[in-house]
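In what follows, a structure is listed as structure tokens, so that the remarks can point back to it.
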């Protein structure tokens, strides 16, 4: 499933094409994806202008000039591409065209195509006054690329937590958008064991430990580097121009079990935590 850097890469790609443009025509080619489309989906979108395109956790959010906010989630295999409305839809004539489920024709002449072979993505329309209290967003934690994310925030969020550091970092009610790949990579860079207690990041006085300050900085660095690289294309992720991301070539531990650690030479290990694979180096992560 795309993580924060992949979703942010898609957002950046769509922003230039969509923001300020009007949705002249919307085509919905099936009744559902992961969930049914909202009632009167195409009718409620047609004619609306996109005023902003932002990201919250792993969601893309289009602020419209009407009463609704358009929320889009990529699921496991969803992708957006930008074409000219008068040109062929990506994959036309081939099997990929079967998975082009939604198209947005813009007033600029561009066409946005949503393709999703596994159909785990979804789109939702939320009335603007109900957005903050909507079940999708009311319990989401702080943004790891936001101004409030630092060692102090980590110490506050993890104080008294008895679960592992890896599990706590993946808790979306604490920190929004962090996923398995980038948590593994950040913990390795910070030299912290994924088995370590989350509460150990808080100092005795409740303030941040040195480990908390280091980890917060490293998380931000890893995410920013991944966004700059266009994300990680391990399976389905592509940018809106069809190009692959290339951060996967910089991964130090994720997917590298049994390979030597680049820092200390010990073999990278793999364990399971909360049903997820964790990759780490037992030699230098403490």
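Annotations for the structure displayed:
- Here residue 213 meets the list (1) surrounded by fewer than 23 Cβ atoms within 10 Å (Cβ to Cβ); (2) touching a residue at least 40 places away in the same chain (Cβ under 8 Å); (3) not in a helix (DSSP H, G or I) almost entirely, failing just condition (3).
- If the condition is being closer than 16 Å to residue 114 by Cβ and in contact (Cβ under 8 Å) with a residue 12 or more places away in the chain, then the stretch 33-45 contributes 33, 34, 35, 37, 38, 41, 42, 45.
- Looking only at the stretch 218-228, and only at residues there that are in contact (Cβ under 8 Å) with a residue 40 or more places away in the chain and over 19 Å from residue 167 (Cα atoms), the one that is surrounded by the most Cβ atoms within 10 Å (Cβ to Cβ): 226
- So residue 120, is it surrounded by 13 or more Cβ atoms within 10 Å (Cβ to Cβ), under 19 Å from the mean Cα position of the chain (by Cα), in the same structural domain as residue 13 (by TED's automatic domain parsing) and at pLDDT 95 or above: yes
- Residue among 159, 133, 110, 153 that alone is more than 19 Å from residue 75 (Cα to Cα) and surrounded by 19 or more Cβ atoms within 10 Å (Cβ to Cβ): 153
- Residues satisfying the stated conditions in the stretch 150-203, i.e. touching a residue at least 60 places away in the same chain (Cβ under 8 Å), farther than 15 Å from residue 221 by Cβ and part of a helix (DSSP H, G or I): 152, 153, 166, 167, 180
- Scanning the stretch 64-85 for residues that are within 18 Å of residue 243 (Cα to Cα) and either touching a strand residue (DSSP E or B) at 6+ places or on another chain (Cβ under 9 Å) or at pLDDT below 90 (or both) gives 74, 77, 78, 79, 80, 81, 82, 83, 84.
- For residue 249, the conditions (1) on the phi < 0 side of the Ramachandran plot; (2) assigned to a loop (DSSP other than H, G, I, E, B); (3) modelled with pLDDT under 95 are fulfilled apart from (2).
- Subset of the stretch 252-275 that is in contact with a helix residue (DSSP H, G or I) (Cβ under 9 Å, 6 or more places away or on another chain) and at positive phi - its residue that is surrounded by the fewest Cβ atoms within 10 Å (Cβ to Cβ): 274
- Tally of residues being surrounded by 18 or more Cβ atoms within 10 Å (Cβ to Cβ) and within 15 Å of residue 185 (Cβ to Cβ) across the stretch 230-244: 2
- Contact map, the stretch 250-262: first residue outside the structural domain of residue 190 (by TED's automatic domain parsing), second residue assigned to a strand (DSSP E or B), Cβ cut-off under 7 Å, separation 6 or more or different chains; the map is empty.
- Any chance residue 278 is surrounded by 15 or more Cβ atoms within 10 Å (Cβ to Cβ) and in contact with a strand residue (DSSP E or B) (Cβ under 9 Å, 6 or more places away or on another chain): yes
- Selected residue (criterion: farthest from residue 164 (Cα to Cα)) from residues of the stretch 259-273 that are assigned to a strand (DSSP E or B) and within 28 Å of the chain's Cα centre (by Cα): 268
The values are calculated or read from the model by the stated rules, or taken from the named source; none is laboratory data. Remember, it's a predicted structure, so these values are computed and weren't measured experimentally. Glycine gets a Cβ as well: all are built from the backbone with ideal geometry, and neighbour counts include every protein chain shown.
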